[in-house]
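Presented below is the structure to which this report refers.
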Amino acid sequence: MIAANHSRKVHSSQAGIHPRLGEVLARYRTAEWKSPLHEPSVKAFRATNSLLEKNDLPLILDSGCGTGESTRKLAEAFPECLVIGVDKSADRLSRGGMAELPCRDGNAIWARAELATFWRLALQAGWRLQRHYLLYPNPWPKPGQLQRRWHAHPVFRDLLQLAGRVEMRTNWETYAEEFAFAVNFVTGSEVSPAMVPETDPISPFERKYRASGHDLYRLVLSM
(Lines give C-alpha, C1' and ligand atoms only; values in the text may rest on other atoms or scores of the structure.)
Protein backbone atom coordinates (compact mmCIF):
# COMPACT_ATOMS: atom_id res chain seq x y z
CA MET A 1 0.00 0.00 0.00
CA ILE A 2 1.27 3.47 -0.93
CA ALA A 3 1.61 5.80 2.05
CA ALA A 4 -0.75 8.74 2.14
CA ASN A 5 2.14 11.20 1.97
CA HIS A 6 3.82 9.40 -0.93
CA SER A 7 4.36 11.48 -4.06
CA ARG A 8 4.42 9.90 -7.50
CA LYS A 9 7.27 10.82 -9.83
CA VAL A 10 6.47 13.09 -12.75
CA HIS A 11 5.21 11.10 -15.72
CA SER A 12 5.29 12.47 -19.24
CA SER A 13 5.12 11.12 -22.77
CA GLN A 14 7.73 13.78 -23.63
CA ALA A 15 11.25 12.38 -23.78
CA GLY A 16 13.99 14.99 -23.41
CA ILE A 17 13.84 18.69 -24.16
CA HIS A 18 10.69 19.70 -26.04
CA PRO A 19 11.51 19.96 -29.77
CA ARG A 20 9.67 23.30 -30.04
CA LEU A 21 11.33 25.05 -27.10
CA GLY A 22 13.94 26.85 -29.21
CA GLU A 23 11.29 27.95 -31.70
CA VAL A 24 9.11 29.35 -28.92
CA LEU A 25 11.99 31.24 -27.33
CA ALA A 26 13.09 32.65 -30.69
CA ARG A 27 9.59 33.96 -31.35
CA TYR A 28 9.59 35.88 -28.05
CA ARG A 29 12.65 37.83 -29.25
CA THR A 30 10.61 39.69 -31.83
CA ALA A 31 7.00 39.42 -30.64
CA GLU A 32 5.91 41.92 -28.01
CA TRP A 33 3.91 40.35 -25.21
CA LYS A 34 0.69 42.33 -24.83
CA SER A 35 -1.21 40.16 -22.38
CA PRO A 36 -3.17 42.34 -19.92
CA LEU A 37 -2.07 42.44 -16.30
CA HIS A 38 -4.07 40.49 -13.73
CA GLU A 39 -5.87 43.28 -11.85
CA PRO A 40 -6.05 41.61 -8.40
CA SER A 41 -2.33 40.95 -8.70
CA VAL A 42 -1.72 44.59 -9.63
CA LYS A 43 -3.39 45.62 -6.38
CA ALA A 44 -1.41 42.98 -4.46
CA PHE A 45 1.85 44.22 -5.94
CA ARG A 46 1.09 47.85 -5.09
CA ALA A 47 0.27 46.89 -1.50
CA THR A 48 3.43 44.80 -1.24
CA ASN A 49 5.58 47.49 -2.80
CA SER A 50 4.26 50.00 -0.26
CA LEU A 51 5.69 47.78 2.49
CA LEU A 52 9.12 48.30 0.96
CA GLU A 53 9.09 52.06 1.49
CA LYS A 54 12.12 53.15 3.49
CA ASN A 55 13.47 49.62 3.07
CA ASP A 56 17.19 49.48 2.37
CA LEU A 57 17.59 45.71 2.77
CA PRO A 58 18.56 43.49 -0.17
CA LEU A 59 15.54 41.70 -1.66
CA ILE A 60 15.00 37.96 -2.01
CA LEU A 61 11.94 36.68 -3.89
CA ASP A 62 10.41 33.27 -3.15
CA SER A 63 8.13 32.76 -6.16
CA GLY A 64 5.41 30.16 -5.73
CA CYS A 65 5.99 29.95 -1.98
CA GLY A 66 2.97 27.74 -1.24
CA THR A 67 2.27 27.77 2.49
CA GLY A 68 5.14 30.19 3.03
CA GLU A 69 7.34 27.74 4.94
CA SER A 70 10.19 28.22 2.48
CA THR A 71 9.91 32.00 2.89
CA ARG A 72 10.31 31.64 6.65
CA LYS A 73 13.37 29.43 6.22
CA LEU A 74 14.94 31.82 3.76
CA ALA A 75 14.25 34.75 6.08
CA GLU A 76 16.03 32.87 8.87
CA ALA A 77 18.94 31.95 6.59
CA PHE A 78 19.35 35.53 5.31
CA PRO A 79 18.50 37.85 8.22
CA GLU A 80 20.21 40.75 6.44
CA CYS A 81 17.67 40.54 3.60
CA LEU A 82 13.95 41.11 3.13
CA VAL A 83 12.37 37.91 1.82
CA ILE A 84 9.12 38.17 -0.15
CA GLY A 85 7.04 35.03 -0.68
CA VAL A 86 4.41 35.15 -3.42
CA ASP A 87 1.80 32.53 -4.26
CA LYS A 88 -1.46 32.69 -6.19
CA SER A 89 -3.37 30.39 -3.80
CA ALA A 90 -5.13 31.97 -0.83
CA ASP A 91 -5.77 28.47 0.52
CA ARG A 92 -2.09 27.52 0.57
CA LEU A 93 -1.10 30.80 2.17
CA SER A 94 -3.83 30.54 4.80
CA ARG A 95 -2.52 27.09 5.76
CA GLY A 96 0.75 28.84 6.56
CA GLY A 97 -1.07 31.28 8.82
CA MET A 98 -1.27 34.19 6.38
CA ALA A 99 -4.94 35.16 6.44
CA GLU A 100 -4.61 38.88 5.66
CA LEU A 101 -2.33 39.69 2.75
CA PRO A 102 0.12 41.15 2.19
CA CYS A 103 1.54 40.64 5.65
CA ARG A 104 4.95 41.02 7.23
CA ASP A 105 6.67 39.18 10.04
CA GLY A 106 10.18 40.35 10.79
CA ASN A 107 12.17 40.25 7.55
CA ALA A 108 9.55 38.13 5.72
CA ILE A 109 6.61 39.35 3.63
CA TRP A 110 3.89 37.24 2.01
CA ALA A 111 1.59 38.27 -0.83
CA ARG A 112 -1.04 36.62 -2.95
CA ALA A 113 -0.55 37.29 -6.65
CA GLU A 114 -0.26 35.75 -10.08
CA LEU A 115 3.47 35.55 -10.73
CA ALA A 116 3.62 36.71 -14.35
CA THR A 117 1.94 39.99 -13.40
CA PHE A 118 3.96 40.36 -10.18
CA TRP A 119 7.29 39.86 -11.98
CA ARG A 120 6.43 42.35 -14.72
CA LEU A 121 5.45 45.00 -12.19
CA ALA A 122 8.50 44.33 -10.02
CA LEU A 123 10.73 44.88 -13.04
CA GLN A 124 8.88 48.08 -13.97
CA ALA A 125 9.22 49.30 -10.37
CA GLY A 126 12.98 48.88 -10.52
CA TRP A 127 13.31 45.90 -8.20
CA ARG A 128 16.73 44.27 -8.30
CA LEU A 129 16.93 41.01 -6.43
CA GLN A 130 19.84 39.59 -4.56
CA ARG A 131 18.33 36.11 -4.90
CA HIS A 132 15.30 34.63 -6.62
CA TYR A 133 13.98 31.16 -5.76
CA LEU A 134 11.56 29.10 -7.86
CA LEU A 135 11.07 26.00 -5.76
CA TYR A 136 9.31 23.12 -7.48
CA PRO A 137 7.09 25.00 -9.94
CA ASN A 138 4.26 23.05 -11.54
CA PRO A 139 6.05 21.04 -14.27
CA TRP A 140 3.08 20.93 -16.67
CA PRO A 141 4.47 17.62 -18.03
CA LYS A 142 2.18 17.07 -21.03
CA PRO A 143 3.91 18.03 -24.31
CA GLY A 144 1.01 20.32 -25.19
CA GLN A 145 1.57 22.26 -21.98
CA LEU A 146 5.02 23.53 -22.95
CA GLN A 147 4.18 27.23 -22.81
CA ARG A 148 2.78 26.91 -19.31
CA ARG A 149 6.29 26.10 -18.07
CA TRP A 150 8.03 29.27 -16.86
CA HIS A 151 11.04 28.87 -19.14
CA ALA A 152 8.72 28.73 -22.18
CA HIS A 153 6.45 31.55 -21.05
CA PRO A 154 6.64 35.11 -22.45
CA VAL A 155 7.46 36.41 -18.94
CA PHE A 156 10.72 34.42 -18.78
CA ARG A 157 12.87 37.35 -19.94
CA ASP A 158 11.34 39.58 -17.25
CA LEU A 159 12.12 36.90 -14.68
CA LEU A 160 15.77 36.90 -15.72
CA GLN A 161 15.99 40.69 -15.85
CA LEU A 162 15.05 40.92 -12.18
CA ALA A 163 18.67 39.90 -11.79
CA GLY A 164 20.41 38.37 -8.81
CA ARG A 165 21.17 34.74 -8.13
CA VAL A 166 18.35 32.60 -9.55
CA GLU A 167 17.78 29.11 -8.19
CA MET A 168 15.14 26.77 -9.61
CA ARG A 169 14.49 23.33 -8.09
CA THR A 170 12.39 20.53 -9.58
CA ASN A 171 11.79 16.81 -9.29
CA TRP A 172 11.53 16.39 -13.08
CA GLU A 173 14.89 16.15 -14.84
CA THR A 174 13.44 17.29 -18.17
CA TYR A 175 12.20 20.51 -16.58
CA ALA A 176 15.68 21.22 -15.26
CA GLU A 177 17.23 20.49 -18.67
CA GLU A 178 14.71 22.73 -20.42
CA PHE A 179 15.23 25.54 -17.92
CA ALA A 180 18.98 25.38 -18.55
CA PHE A 181 18.40 25.33 -22.31
CA ALA A 182 16.18 28.43 -22.06
CA VAL A 183 18.64 30.32 -19.85
CA ASN A 184 21.48 29.57 -22.25
CA PHE A 185 19.36 30.48 -25.28
CA VAL A 186 18.30 33.83 -23.84
CA THR A 187 21.50 34.90 -22.08
CA GLY A 188 24.29 33.12 -23.93
CA SER A 189 25.34 31.44 -20.68
CA GLU A 190 26.51 27.87 -20.33
CA VAL A 191 24.72 26.61 -17.25
CA SER A 192 23.59 23.06 -16.58
CA PRO A 193 21.49 21.34 -13.90
CA ALA A 194 22.91 19.59 -10.85
CA MET A 195 21.46 17.50 -8.05
CA VAL A 196 19.98 19.28 -5.03
CA PRO A 197 22.37 18.77 -2.10
CA GLU A 198 21.29 16.55 0.79
CA THR A 199 20.39 19.27 3.29
CA ASP A 200 17.31 20.04 5.35
CA PRO A 201 14.33 20.36 2.95
CA ILE A 202 13.64 23.98 2.13
CA SER A 203 9.93 23.48 1.41
CA PRO A 204 7.10 20.98 2.07
CA PHE A 205 7.34 19.74 -1.53
CA GLU A 206 11.04 19.08 -1.16
CA ARG A 207 10.44 17.19 2.07
CA LYS A 208 7.70 15.10 0.43
CA TYR A 209 9.73 14.36 -2.70
CA ARG A 210 12.77 13.35 -0.65
CA ALA A 211 10.65 11.00 1.47
CA SER A 212 9.21 9.50 -1.73
CA GLY A 213 12.66 8.76 -3.17
CA HIS A 214 12.61 11.30 -5.99
CA ASP A 215 15.76 12.62 -7.63
CA LEU A 216 15.84 16.38 -7.16
CA TYR A 217 17.48 18.80 -9.57
CA ARG A 218 18.41 22.45 -9.41
CA LEU A 219 19.72 25.13 -11.72
CA VAL A 220 21.64 28.07 -10.27
CA LEU A 221 22.73 31.12 -12.23
CA SER A 222 23.94 34.59 -11.38
CA MET A 223 22.74 37.43 -13.56
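The values are calculated or read from the model by the stated rules, or taken from the named source; none is laboratory data. None of the values given here were measured: they were computed from a predicted structure. Every residue, glycine as well, gets a Cβ built from its backbone with ideal geometry; the counts of neighbours run over all protein chains shown. The protein model used for the area step is the full one, side chains on, heavy atoms only, and it has no ligands, DNA or RNA in it. Shrake-Rupley method; radii C 1.70, N 1.55, O 1.52, S 1.80 Å.
At a glance:
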read-out	value
Alpha carbon centroid spacing (whole Å) that separates segment 125-150 from segment 32-86	15 Å
Which label in (1) 106; (2) 207; (3) 131 gives the computed volume of the Cα convex hull per residue in Å³	(3)
In sequence order, calculated HN-Hα J values of segment 81-92 (Karplus, 6.51, -1.76, 1.60; Hz; x Gly/Pro)	10, 9, 9, 10, x, 10, 9, 8, 9, 5, 5, 4
Relative contact order [Cα under 8 Å, 6+ residues apart], the chain, whole percent	24 percent
For the chain, the longest site-free run once trypsin sites (Lys or Arg not before Pro) in DSSP loop states with at most 10 other Cβ atoms within 10 Å are removed	55-223
Carbon plus sulfur fraction of accessible area for segment 108-223, probe 1.4 Å, in percent	46 percent
Segment 37-49 - phi-based ³J(HN,Hα) in whole Hz, Karplus 6.51/-1.76/1.60, Gly and Pro as x	6, 7, 4, x, 6, 4, 5, 5, 5, 4, 5, 5, 4
Loop-resident sites, segment 1-101, for GluC sites (Glu not before Pro), counting at most 10 other Cβ within 10 Å (DSSP)	GLU32, GLU53, GLU80, GLU100
Residues SER222 and ARG27, FRET efficiency given R0 of 25 Å [Cβ-Cβ distance, rounded to 0.05]	0.40
Surface per residue (accessible, 1.4 Å probe) for the chain, Å²	50 Å²
For segment 1-103, the Rg and Dmax computed from alpha carbons only, in angstrom	18.7, 55
Cα pair distances exceeding 16 angstrom across segment 123-222, given as percent	57 percent
Additional length obtainable on full extension of the chain from ASP200 to LYS9, 0.36 nm per residue less Cα span	66.7 nm
